[in-house]
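The block underneath contains the structure these notes are about, expressed in structure tokens.
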2 protein chains.
Amino acid sequence: MTRTELIKLIFRKRSFLCIGLDTDLSKVPQHLLELDDPVFEFNKAIIDATHDLAVAYKPNFAFYECNGVKGWQSLTRTIQYINTAYPGELFTIADAKRGDIGNTSQQYARAMFEASSSGMDFNAVTVAPYMGEDSVKPFLSCPGKWIIVLALTSNKGAGDFQFFSGNGQHLFEQVLSKSQQWGSNENMMYVVGATQAEMLTDIRKIVPDHFLLVPGVGAQGGSLSDVARYGLTSECGLIVNSSRNIIYASGGADFAIKAREEAIKMQQEMSGILGR
Amino acid sequence: MTRTELIKLIFRKRSFLCIGLDTDLSKVPQHLLELDDPVFEFNKAIIDATHDLAVAYKPNFAFYECNGVKGWQSLTRTIQYINTAYPGELFTIADAKRGDIGNTSQQYARAMFEASSSGMDFNAVTVAPYMGEDSVKPFLSCPGKWIIVLALTSNKGAGDFQFFSGNGQHLFEQVLSKSQQWGSNENMMYVVGATQAEMLTDIRKIVPDHFLLVPGVGAQGGSLSDVARYGLTSECGLIVNSSRNIIYASGGADFAIKAREEAIKMQQEMSGILGR
């Protein structure tokens, strides 16, 4: 999906909501557990109930890998379902935080982007920047694909290294600056946690029009209105993720209905923000 | 495996060799391709041919993930084979470079360490430190398990952020110092690339007796004797990885025999180093 297509999608749906599919088998409602692939069935129900309200879905790989081979089956079926049932209508993010030496990142890129190889074809992958340019570039050589580089994350540990500073710059600012030599706003986004909303003003000075993927609204304590106040651009420039608040809105048989209700709240707030 | 057990293993085998299972389907010899799981059959042959010469194996997850569900099957079968065929004789490293917010790293830990959940039970996992303490700690709460934190990597891009400096310290030194509050030399190692051997003197000032996992010998240009000169301790303190030089020593039907020959060369050099 191109940047132009993504922006069109956002303004058509009046939403910049990403739903995080952090699907935990222990939280899947009882009645699904009898089925062959409860995690996939849960995801499918969530997607069907919210696809018109969200612009993106973000499966969190850890929640699939913990189930081993069966988990990868659920993950693969999920991305295949999105691409088949809603082609061109949803931006898909492999939340995998990958990054390794060049020949290895190239294999990770095949895993995320080459359906003929791995069965999976996401639009984007989250990458960890610690290993630098050659750990990130192989992902950028895939036409039409995006990387989303960790910059300033939403967790407490973000303070440990991301604020490490030298030459008047924090590490996360160095990541934002330096990585712009690797790609453009057409194939690169950044992760900036909602819990760091007040930092968005400074971040926008370095990356004025790149899209930012913003986790941390809801369960982690971030506020959508703060994120929009400091991070919104004329082309939106934001994809705001919510996981637990939506997918676990109910633990019962009505989980998809309740997820839709939560997604509607988010979408309506976003519609108001986009309408300003 | 405890630190004491690992050290015993190294001195018994007179080897600190780790063989990297970066098994690329396109490099697997022709005659294996007819079998149901060529990647696993390749790994099994390599392991059987070298298990007495190596102390560790390190499957590189990217090379499995690129084959999707089938790749995870090969990976799972590989770790299960090592644990079943050679119990207690080999240290196993999930080279996955994971790291995410706490609740997510917890799921990654289950993936790597909990056979009852994922089917996989490694001794150690490589982790990326960018997201800080809470991204790493969940891995440390698994008794008997290790994390191997990226410090100074072997690739060109290591220069992009790992040498970023402030307060007279480089970022990788900050990672080495700060992470010592999270674990001990009983459950934490560091990745230090062989291409950075001359840096090992300074690194040993910060982590005098932690084990270091050293990739980059061979194909990437690092030298074993340099690594030993600057990094060896009285308890060895090193696990040196070689991947392509060993597993692809021959592309023909004799690949396991040739792999053994290369492993013998490494083991003999290591025996000499340990004997000094």
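Every number here is computed from the coordinates shown, using simple stated rules; none is lab data. Keep in mind it's a predicted model, so treat the numbers as computed, not measured. Reconstructed Cβ throughout: ideal geometry from the backbone, glycine too, with neighbour counts over all protein chains shown.
When we measure straight from the Cα of A:K13, which aspartates and glutamates land under 17 angstrom away, once same-chain ones fewer than 8 places off are left out?
Cα-Cα hits under 17 Å: A:E5, A:D48, A:D52, A:E89, A:E235, A:E261, A:E262, A:E269.
Which net charge results for the neighbourhood of B:I93, defined as the other residues with beta-carbon distances under 12 angstrom from its beta-carbon, given Lys and Arg at +1 and Asp and Glu at -1? List each step's numbers first, then the result.
Numbers: positive: B:K58, B:K97, B:K145; negative: B:D95.
That sum, taken over residues with Cβ under 12 Å, equals +2.
Run through all the Cα pairs of the stretch A:72-151 and give the fraction in each 10 Å bin from 0, expressed as whole percent.
For the stretch A:72-151, the binned pair fractions read 20, 53, 24, 3 percent.
Can you give the alpha-carbon Rg of the stretch A:210-276 over 2.2 N^0.38 Å, where N counts its residues?
Here the answer is 1.18, to two decimals.
Return one quarter of the surface area of the convex hull spanned by the alpha-carbon atoms of the protein assembly as shown, equal to its mean projected area, in nm².
On the way: hull surface 92.3 nm².
Convex hull of Cα atoms, orientation-averaged projection: 23.1 nm².
Pick out which of B:R98, B:R12, B:R77 has the largest mean-square fluctuation in a Gaussian network model of chain B, springs linking Cα atoms closer than 10 Å.
Judging by the Gaussian network model, the answer is B:R12.
Under unit Cβ charges (Lys, Arg +1; Asp, Glu -1), what dipole magnitude, rounded to 20 debye, does the stretch B:197-259 have relative to its Cα centre? All intermediate terms of the calculation are to be shown ahead of the outcome.
Details: 5 positive and 6 negative charges, 22 e Å.
About 100 debye.
Work out from phi, with θ = phi - 60° and the Karplus expression 6.51 cos²θ - 1.76 cosθ + 1.60, the ³J(HN,Hα) of each residue of the stretch A:59-71, listed in order in whole Hz, and give x for Gly and Pro.
Working through the residues one at a time gives x, 8, 4, 4, 6, 9, 4, 5, 9, x, 4, 4, x Hz.
Which residue, A:N185, A:L140, A:Y64, has the largest displacement toward the positive end of the dipole of chain A when charges sit on each Cβ (Lys, Arg +1; Asp, Glu -1)?
A:N185
At 7 Å along the Cα-to-beta-carbon direction for both B:S26 and A:L33, put a label point, then send me their distance in nm to one decimal.
Each label point lies 7 Å from its Cα, and together they span 4.5 nm.
Give the residue from A:F42, A:L9, A:A109 lying farthest towards the positive end of the charge dipole for chain A; charges sit on Cβ (+1 for Lys and Arg, -1 for Asp and Glu) and the dipole is referred to the Cα centre.
About the Cα centre, the residue reaching furthest to the positive side is A:L9.
Could you work out the local net charge near A:D254, counting Lys and Arg as +1, Asp and Glu as -1, over the other residues with Cβ closer than 13 Å to its Cβ?
Details: positive: A:K258, A:R260; negative: A:E261, A:E262.
Result for the neighbourhood of A:D254: 0.
Sum up the charges of everything whose Cβ sits under 12 Å from the Cβ of B:F164, counting Lys and Arg as +1 and Asp and Glu as -1, but leave B:F164 out. All intermediate terms of the calculation are to be shown ahead of the outcome.
Values: positive: A:K178; negative: A:E173, B:D160, B:E173.
Net local charge, B:F164 excluded: -2.
Please tell me the relative contact order of chain A in percent, rounded to the nearest whole number, where contacts are Cα pairs under 8 Å and at least six residues apart. If you can, show how the numbers build up before the last one.
Numbers: 505 pairs, mean separation 58.1, N = 276.
Relative contact order, chain A: 21 percent.
Calculate the dipole size of chain B relative to its Cα centre from +1 charges on Lys and Arg beta carbons and -1 charges on Asp and Glu beta carbons; express the result in debye to the nearest 20. Walk me through the numbers on the way to the answer.
Working: 25 positive and 29 negative charges, 89 e Å.
Computed charge dipole of chain B: roughly 420 debye.
Using alpha carbon centroids, what distance separates the stretch A:150-175 and the stretch B:184-255, in Å?
Cα centroid to Cα centroid, the span is 28 Å.
Across the stretch A:255-260, in residue order, what do the Karplus-derived ³J(HN,Hα) couplings come to in whole Hz, using 6.51 cos²θ - 1.76 cosθ + 1.60 with θ = phi - 60° and x for Gly and Pro?
Couplings: 4, 6, 5, 5, 4, 4 Hz.
Percent of Cα-Cα pairs per 10 Å bin, from 0 to the last occupied bin, for the stretch B:1-150, please list those.
11, 40, 35, 13, 1
Kirkwood-based Rg over Rh for the stretch A:20-61 (C-alpha set), two decimals? Let's see the in-between values first.
Details: Rg = 10.6 Å, Rh = 10.9 Å.
Dividing the radius of gyration by the Kirkwood radius yields 0.98.
A:Q180 label points, 7 Å along Cα→Cβ, one per copy: pairwise distances from this copy to the rest in nm, shortest first?
List, nearest first: 3.8 nm.
Using Cα springs under 10 Å in a Gaussian network model of chain B, which residue among B:F113, B:F122, B:F11 shows the largest mean-square fluctuation?
Comparing B:F113, B:F122, B:F11 in the GNM, the peak value goes to B:F11.
If I take the Cα coordinates of chain B and project them onto the principal axes, what are the three extents in Å, biggest first?
Projected onto its principal axes, the Cα set of chain B covers 58, 45, 35 Å.
Can you give the helix-only mean residue ellipticity at 222 nm for chain B, where every DSSP H stretch with n ≥ 4 adds -39500 (n - 2.57) and the sum goes over all residues, rounded to the nearest 500 deg cm²/dmol? Spell out each step's value before the answer.
Details: 13 runs with 123 residues, N = 276.
Rounded to the nearest 500, it is -13000 deg cm²/dmol.
Under a Cβ-only charge scheme (Lys and Arg +1, Asp and Glu -1), can you give me the dipole magnitude of the protein assembly as shown about the Cα centre, in debye to the nearest 20?
Numbers: 50 positive and 58 negative charges, 120 e Å.
Roughly 580 debye, rounded to the nearest 20.
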